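Below you'll find the structure, written out as structure tokens, and then a few comments.
The values are calculated or read from the model by the stated rules, or taken from the named source; none is laboratory data. The model shown is predicted, which means the values in this text are computed figures rather than measured ones. In this analysis, Cβ positions are derived from the backbone assuming ideal geometry, glycine residues included, and neighbour counts consider all displayed protein chains. Ligands, DNA and RNA are stripped out before the accessible areas are found, and what is left, the full protein with its side chains, is counted by its heavy atoms. Shrake-Rupley method; radii C 1.70, N 1.55, O 1.52, S 1.80 Å.
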Amino acid sequence: MPTNNVKMMLKYVGIRIITVSLSLIIAILLTVIIANFGGKMDEIARAEIEFNVWETINRDPYYRNLSNEQRKEIAREMIESITRIVGLDKPYPVRIFIHLRNALTLNLGRSMHITSSSGSRQVWLIISERLPPTILLFTTINLIIFFIELFIGLYLSRRYGSMPDRLAVALAPLSSMPGWFYGIFLIIVFASWLRLLPWGGMVDAPPPQDPVAYGLSVLKHMILPILSWIIAYVPIGVYNMRTFFLMFSTEEYVEYAKVRGVPGRIIERRYILRPTLPPILTNLVLILISSWMGAIVTEKVFSWPGLGTLFYMAIGPVTPDPPVVIGIIAIYAYLLAISVIVLDVAYAIVDPRIRIEGKR
Amino acid sequence: MNITRKSIQILKTFIHYRSFVVGIIILIMFLALSIYAIIFYPYDHTVKIWNDIKTWEDYPKLAKPAWIKFFTRINELEGTIILDSRVHRFVKAKSSSGGWTYIILEKTFRYEYDVFPSQIVRWLYVNSSRPVYIKIEWIKPNGSVITVFEKVVERGEYYEDLSIESLDFVYTFCNYLKNRFGLEPNYILNGVIVLMSKEDESILDKDMVKLLKGVYKIVVRAETTDPNTDINIKLDIYGTLYGIVGTDENRRDLFIAIVWGAPIALSFGFVAAIVITFVQLFIAATSAWYGGVVDIVIQRVNEIFMIIPFLPIVIMISLFYNLSLWDLLVVVVALDIWGGRLKTLRAMFLQVKEMPYVEVAQAYGASGLRIVIRYMIPRVLPLIIPSIVLSIPDYVFLEAVLALMGIIDPRTISWGRVLEESFNAGALYKGYYHWILAPALMLVLVSIAFAFIGFTLDRVLNPKLKEM
């Protein structure tokens, strides 16, 4: 029997991995097609190659003695060889697949003009420089929000109809506005008016040398973004959590436990939290992963130097930078796909019902 | 009869909820505002004047809303004092002697406000076949004369901002102060202060400068050899207050943008929320009803779109392909129908599919499409009406986000556009709060209205919550 079970699970996991990978490939393909702007980005890249070749030829004293014709010939040859190396001589559909292959193998290449702080144009370097601030801010925000929601939600579900419960319901409409929007008001109040907290950014300028002071400075800059998200997303989260727990607390086995005289705390922990925790945790994981994409608008409002700001720069109207865009989305898609698969496998191990579905 | 009675009864239930009534009232207000906008500000015309610099020439820059004077109790100049010799009556004198023609233009105006004007600008219109010597004098109530212009000019139109720092008369005045008090002011003088302040020791300190109230006089003297010469002057003394909402950095009356934002926000939000919901319903019902390959394909496509991050892709598409707001709506619909909600709806339809009345319909020989549209969707629709209403603010804000990212056609007038412009002008840091708060409060009101209505609907219509 156990071997049968394992086989079934492996089959299930295998199917999931294949379907998720297929989705991943198609999602990245779509991104590549959109980001390449119908081949226009390739044109820009080609123009850039041409420009660079002519620049080197005009600058190099070695070519100076040659006649115009000869220089043209040499330029033509150099341009051709470079386009061939980069793969720009291939027809459009083939080029798309070259881009796709590069994105899938996370061979992200070089950006078109965005540079890292050290001046490098390696997309990898640029992204890895911007990722930590985003992860720091949004993981903190989402964890704080999650725990507030969970505990207040649980608390309120026990006191349905009480004063705090009605207050929570009344506050829920606050969530009809996004976090960055509250950010504007918070900046006006705490930065412009009271001058208590910084307008934005991640550390004071110049950054303090002492690591403790540095950390405190970062913390100070995180207060407003965190606060804005708490105002925006905690009310609806508490409301949903409470409703969710309320529905579970009317289940028959919970009622039975209550009748048996099981204390409230134990009911909460064993009878409500335990069965509801898996979907809640899944949700948390997915939210955390997607938060690493950065919140473009929140980062813009608070001038937070994270991935969102980088993304905003990369899609800037004047000078778009498709390699960076593709890079960010590819990494994000990978993270998401991997976590979906991991969660599926974890569920399959924990929950026998899913394995049966896999068989079907 | 029965139906009307029933609907009255339903309405009565809703009226018990105060938040619902408040939501409805706000919504009606916005509908009225939209109708007002459509009638009084025809769109094409409004877009044209909104983006035309000439229209706003005589409006004060970054003026605050006029009603704040009831709270601050400070008497500030509202709008602009316009002195235009082509329009208003000036004291005009023209004489000639020895082949020379002399023209004098004079005008007085009263300035009794507590606050310095935000800006003083003059235009000079010279119509003469010969060079003209022109001298413009600004005479303050205390009698001191400041020569703001003295030059020989040809035919043409001359504009000068008299409020900046780098002007000849400002330097002259600074030297005058040095001679008189033996001290230089502890800040950099600008034209407005030179032209409008009391000339005692208070002018030396930035925080002490006092405004000189009273009757000001402007005198233009011209000398030329062409007897047909015509000289005109226009002087704008801009205030610090304007209208209900104030003005922006381009002197535009923000009231127009606030009014025009209403129909745009409402229609974008409504259309997006409703179209997306119906497409989702259709796809989910199709997926559930047909099952098999159809279901698998739809589920896989859904998974693909769940991996693609929504906002970045929308921004990228609209940027690269230069879409207008309404083209953008199509993209938003195409990308936003996917996601967790589609899965939830499919699960709901899977239950509906097993219901006896669907089976009966099938037995009668109803086609698949008919069952999906006439039997399955109507069953689920009432349950998701609250979530449709609740999702409208999301799309109103999506428009604002897209505008904030600078990707909506710059000619459009919307709250998001105003927000973006104020943001990019650094209104947050420079303290032009009215510029940010006006569109922001509109967004707050709209979302609060829909949230109130939506949550009430949820409480009344959601049977699961009613049971408890």
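Between helix A:40-59 and chain A there is an angle of about 40 degrees, using the helix long axis and the longest principal axis of the Cα atoms.
Which percent of the accessible heavy-atom area of the range A:215-360 goes to carbon and sulfur, probe 1.4 angstrom? Spell out each step's value before the answer.
On the way: 4500 of 6600 Å².
Answer for the range A:215-360: carbon and sulfur cover 68 percent of the accessible area.
Starting from the Cα gyration tensor of the range B:242-296, multiply each eigenvalue by 5, take the square root, and state the resulting semi-axes largest first in whole Å. Kindly include the intermediate steps, with their values, before the conclusion.
Working: eigenvalues 433, 17, 5 Å².
So the equivalent ellipsoid measures 47, 9, 5 Å along its semi-axes.
Could you estimate the translational diffusion coefficient of the protein assembly as shown from the Stokes-Einstein equation, with Rh from the Kirkwood formula over C-alpha pairs, at 25 °C and 0.890 mPa s, in whole µm²/s? Once the numbers are plugged in, D ends up at 76 µm²/s. Computed per residue of the protein assembly as shown from DSSP H runs no shorter than four, each worth -39500 (n - 2.57), the mean residue ellipticity at 222 nm is -20000 deg cm²/dmol. Principal-axis analysis of the Cα atoms of chain A puts helix A:274-291 at an angle of about 20° to the longest axis. Per residue, the range A:148-218 exposes 52 Å² of accessible surface when a 1.4 Å probe is rolled over the protein heavy atoms with every protein chain present. Model label points for A:ALA205 and A:THR282, set 7 angstrom from Cα along the Cα-to-Cβ axis, are 4.6 nm apart. B:ILE218 contributes about 10 Å² of solvent-accessible surface, heavy atoms of the protein only, 1.4 Å probe.
Taking 16 Å as the straight-line reach from the Cα of B:LYS343, the aspartates and glutamates in range (excluding those fewer than 8 positions away in the same chain) are B:ASP295, B:GLU303. Among the chymotrypsin sites (Phe, Trp or Tyr not before Pro) found in the range A:141-175, those both in a DSSP coil and sparsely packed, with 15 or fewer other Cβ atoms within 10 Å of their Cβ, are A:TYR160.
Overall form of the range B:294-432: prolate. Here a/c, set by the Cα gyration tensor axes a ≥ b ≥ c, is 1.5 or more, and a/b is the larger of a/b and b/c.
Globularity index of the range B:356-468 is 1.64 (Cα radius of gyration / 2.2 N^0.38 Å, N = number of residues). Taken over the Cα atoms of the range A:40-166, the convex hull encloses 187 Å³ per residue. By definition, a body whose alpha carbon gyration tensor gives a ≥ b ≥ c is oblate when a/c is 1.5 or more and a/b is not larger than b/c, and the range A:240-360 fits this oblate description. With respect to chain A, whose longest principal axis is taken over its alpha-carbon atoms, helix A:92-104 is tilted by about 50°.
Among the protein heavy atoms, those of B:MET316 account for about 0 Å² of accessible surface (1.4 Å probe, every chain in place). For a distance above 17 Å, tell me the whole-number percent of Cα pairs in the range A:153-231 that qualify. The share of Cα pairs beyond 17 Å in the range A:153-231 comes to 59 percent. Residues considered: A:GLY327, A:GLY201, A:GLY294. Largest GNM mean-square fluctuation over chain A, using C-alpha springs under 10 Å, is found at A:GLY201.
Each residue of the range B:346-359 was assigned a 3J(HN,Hα) from its phi angle through the Karplus expression (A = 6.51, B = -1.76, C = 1.60, θ = phi - 60°), giving 4, 4, 4, 5, 4, 6, 4, 4, 7, 6, x, 5, 6, 4 Hz with x at Gly and Pro.
Our summary of shape: the Cα atoms of the range A:223-306 have principal axis extents of 56, 21, 17 Å, ordered from largest down, in whole angstrom. Each residue was assigned an accessible area with a 1.4 Å probe, and for B:PHE109 the value is about 20 Å².
Per residue, the accessible area of the range B:121-163 comes to 46 Å² when a 1.4 Å probe rolls over the protein heavy atoms.
Considering only B:VAL271, B:GLY243, B:ALA363, and ranking their Cα positions along the charge dipole of chain B that arises from unit charges at the beta-carbon of Lys, Arg, Asp and Glu, the one farthest toward the positive end is B:ALA363.
All alpha carbon pair distances within the range B:1-118 were sorted into 10 Å bins beginning at 0; the resulting P(r) in whole percents reads 9, 17, 21, 20, 13, 9, 5, 3, 2, 1.
The mean accessible area for residues of the range B:173-325, using a 1.4 Å probe and ignoring ligands and nucleic acids, is 37 Å² per residue. For the chain pair B and A, the buried solvent-accessible surface (1.4 Å probe, both sides summed) amounts to about 4400 Å².
Could you name every residue in the range A:172-215 that has 30 Å² or more less accessible surface in the full protein assembly than in its own chain alone (probe 1.4 Å, ligands and nucleic acids excluded)? Correct list: A:PRO173, A:SER176, A:MET177, A:TRP180, A:PHE181, A:ILE184, A:PHE185, A:ILE188, A:SER192, A:TRP199. Classify chain A as rounded, prolate or oblate, taking a ≥ b ≥ c as the square roots of the eigenvalues of its Cα gyration tensor: rounded when a/c is under 1.5, otherwise prolate if a/b is larger than b/c and oblate if not. In terms of gyration-tensor shape, oblate. Extent along the principal axes, Cα only, for chain B: 111, 47, 47 Å, with the longest axis given first.
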